[in-house]
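Worksheet: one structure, shown below.
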Amino acid sequence: MQSSDARILRGAAIPSGLAGLAVIAAAVPLAGTKGALGAALGTVVVLAFFTISVIAVGYAARISPQMMFAAAIFSYLGKVLAMLVLVAVLDGVTLWNTKAFAWSVIVLTLVWVVAEARATMKNKTLSLDPAGAPGVARDRSP
């Protein structure tokens, strides 16, 4: 993993983890222990899913831009399928509060996306090839 990818991952995971703790704490008075367990499960799911995506896309970016795009699309589709399977398998489970789970997933997804966008904007990564920029001398030898 490149250092810029690690900075982006930290920039999104830390605020999301802190927001997860806040959601768990808020779920206790609203839904009791089952609510806290549902919110904790939602926190783990969001942190795991998005971390996997950042790692996959960061790894694929070293190969080629096309692989980066493919990794982003397939990791997204994989997360959607995994969430569908998770919801189907856990349907009817009364061990935790499903509403607390759902709300924690929604809230933490929004926190992650905003924090990742902020970390990406703060990241000083060269996005253009300076050799192709106007005014930069290039070697034109065959």
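The values are calculated or read from the model by the stated rules, or taken from the named source; none is laboratory data. It should be emphasised that the depicted structure is a prediction, and the values quoted were computed from it without experimental measurement. All Cβ positions, even for glycine, are placed from backbone atoms using ideal geometry, and neighbour counts span all protein chains on display. The area values use the complete protein model at the heavy-atom level, side chains included, leaving out ligands, DNA and RNA. Shrake-Rupley method; radii C 1.70, N 1.55, O 1.52, S 1.80 Å.
Observations, loosely collected:
- Under 16 Å from the Cα of LYS99 - lysines, other chains or at least 8 residues apart: LYS34
- With R₀ set to 22 Å, the beta-carbon distance separating LEU110 from ILE52 gives a calculated FRET efficiency near 0.75.
- Of all complete DSSP H helices in the chain, those with a Cα span along the helix axis of 30 Å or greater and a mean Kyte-Doolittle hydropathy of 1.6 or more are 65-89.
- For the chain, the square roots of the Cα gyration tensor eigenvalues, ordered a ≥ b ≥ c, give a/c of at least 1.5 with a/b greater than b/c, which places it in the prolate category.
- Expected 222 nm ellipticity per residue - DSSP helices of 4 or more, -39500 (n - 2.57), all of the chain, to 500: -28000 deg cm²/dmol
- Relative contact order (percent, whole number), the chain, Cα cutoff 8 Å, 6+ residue spacing: 39 percent
- Accessible surface of the chain [probe 1.4 Å, protein heavy atoms]: carbon and sulfur percent: 73 percent
- Distant-in-sequence amide contacts of LEU90, defined by a placed amide H-H separation under 5 Å and a gap of 5 or more residues or a different chain, comprise nothing.
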